[in-house]
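S.K.: Got a structure for you, written out below as structure tokens; questions coming shortly.
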Ligand code: F6R
């Protein structure tokens, strides 16, 4: 049942191109428009939405953080992403024109369920993004967009995360499409690029041997830090979460711009720092700022592990280890940038003799608050 792999997690990492393609299947028509009629929230209602609020936990929360960048950029609707466990205890402001998106692989996470119940009590419409047919969260929502990752057995979420991202992009682009924002052309071109993305995830998987080798050399480290900006920031958080839960190592993700406000004090000789570099095209200011962050930490002795777009020559001189990923639109980069971090964490866990599919103290779905 592990299909020749040692662990379910390895199998599920390898299944990601298919999971991504399956989640897109039938949702983009031949003319390159999105067809999400299955969501069954009328376009007239979506046009009236004044605020989007995303609630989720753990890895699904990281997908939601990335969705915020996409939704605000493509739709110009204010969007906030909040941990489901924090959400309802702070008396959030919601009304009939708020669209709440609850993201959950299992559809049974109690914190997320309680958050969506609270949102519906306040009159908000709730759209679930879920991987499990007929589970509680979609049953209790107004609408659902299923991810088609197939069953995820390993406790650490991998293919479900990538498909959650795909579903979030679809929702963001669809909102942009029905509301007709000024980004119409960009939306069409991103839809096209999204249809190619499964192939690019596959390309990343083909080049992971050096990442595994690198991971094995770090098995005796105590700490690994992760830095990113813009959508690379949630990717950094996700890389750190995978490492904590699988390798039981201290790992932290930071927004690279925050380094100088404190975390740079953690940089000492040989501490591994993984940096997710945004594309040098598009929002190039971000790219240049992160390159100077890499220089700063390297000058203080950090061992830099740099994830950058193929052909980005500017980072090579400061990278002790360079991991190249395919060229994608900025907002889609998390789909390819997360994969090396999953492989990295899985290999480190193995090197440290940990149980990959069943990390200590964790359960696949958390049905208590
Ligand atoms: C991390 C992980 C957890 C889940 C979280 C939410 O690898 O798997 O952080 O993402 O417990 O679970 P779902 O998506 O089922 O609501």
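S.K.: Report the full-extension gain for the segment residue 351 to residue 266: residue separation times 0.36 nm, less the Cα-Cα distance, to one decimal in nm.
M.R.: 28.1 nm
S.K.: Give me the angle, in degrees from 0 to 90, between the Cα long axis of helix 284-299 and the longest principal axis of the Cα atoms of the chain, rounded to the nearest 10.
M.R.: Around 30 degrees separate the two axes.
S.K.: Kindly give the semi-axes, whole Å and largest first, of the ellipsoid equivalent to the range 202-351, taking each as the square root of 5 times a Cα gyration tensor eigenvalue.
M.R.: Its equivalent ellipsoid spans semi-axes of 20, 19, 14 Å.
S.K.: Related question: Using the count of nearby Cβ atoms within 10 Å as a rough guide to exposure, how do 264, 197 rank from fewest to most?
M.R.: On the way: 264 15, 197 23.
Least to most surrounded, the residues fall as 264, 197.
S.K.: May I ask you to derive the relative contact order of the range 93-144, considering only C-alpha pairs under 8 Å and at least 6 residues apart, and to give it as an integer percent? Don't skip to the end; give the middle numbers.
M.R.: Working: 96 pairs, mean separation 21.9, N = 52.
Reported as a whole number, the value is 42 percent.
S.K.: Quick one: Cα centre-to-centre distance for the range 273-290 and the range 352-369, in angstrom?
M.R.: 33
S.K.: Let me test this: with uniform point scatterers at the alpha carbons of the chain, what is the Debye-based log₁₀ I(q)/I(0) at q = 0.09 1/Å?
M.R.: Taking Cα atoms of the chain as identical point scatterers yields -0.48.
S.K.: Moving on. In degrees from 0 to 90, rounded to the nearest 10, what is the angle of the helix 110-121 Cα long axis to the longest principal axis of the chain?
M.R.: 30
S.K.: List, largest first, the extents of the alpha carbons of the range 16-55 along their principal axes, each in whole Å.
M.R.: 34, 28, 15
S.K.: Using R₀ = 56 Å, calculate the FRET efficiency as 1/(1 + (r/R₀)^6) where r is the Cβ-Cβ separation of residue 248 and residue 195; round to 0.05.
M.R.: Taking R0 as 56 Å, the efficiency between residue 248 and residue 195 is 0.90.
S.K.: To continue, here is another question. Quick check: the angle from helix 232-247's long axis to the longest principal axis of the chain, C-alpha only, nearest 10 degrees?
M.R.: 70
S.K.: Per DSSP H run of at least 4 residues, take -39500 (n - 2.57); add these up for the chain, divide by its residues and hand me the 222 nm value, nearest 500 deg cm²/dmol.
M.R.: On the way: 13 runs with 162 residues, N = 369.
Helices in the chain give a 222 nm mean residue ellipticity of -14000 deg cm²/dmol.
S.K.: Taking Cα atoms of the range 228-281, Rg/Rh with Kirkwood Rh, to two decimals? Walk me through the numbers on the way to the answer.
M.R.: On the way: Rg = 11.6 Å, Rh = 11.8 Å.
Ratio of gyration radius to Kirkwood radius for the range 228-281: 0.98.
S.K.: Rank the residues 211, 153, 368, 274 as a footprinting-exposure proxy: fewest other Cβ atoms within 10 Å of their Cβ go first.
M.R.: 368, 153, 211, 274
S.K.: Using a 7 Å offset from the Cα along the Cα-to-Cβ direction at both residue 367 and residue 45, what is the distance between the two label points in nm, to one decimal?
M.R.: 2.8
S.K.: Sort 73, 261 so the one with the fewest other Cβ atoms within 10 Å of its own Cβ comes first.
M.R.: 261, 73
Values quoted throughout were computed directly from the atomic coordinates according to the rules given, and no laboratory measurement underlies them. Predicted model only: the values in this text are computed from it and were never measured. Positions of Cβ are backbone-derived with ideal geometry, glycine not excepted, and every protein chain shown enters the neighbour counts.
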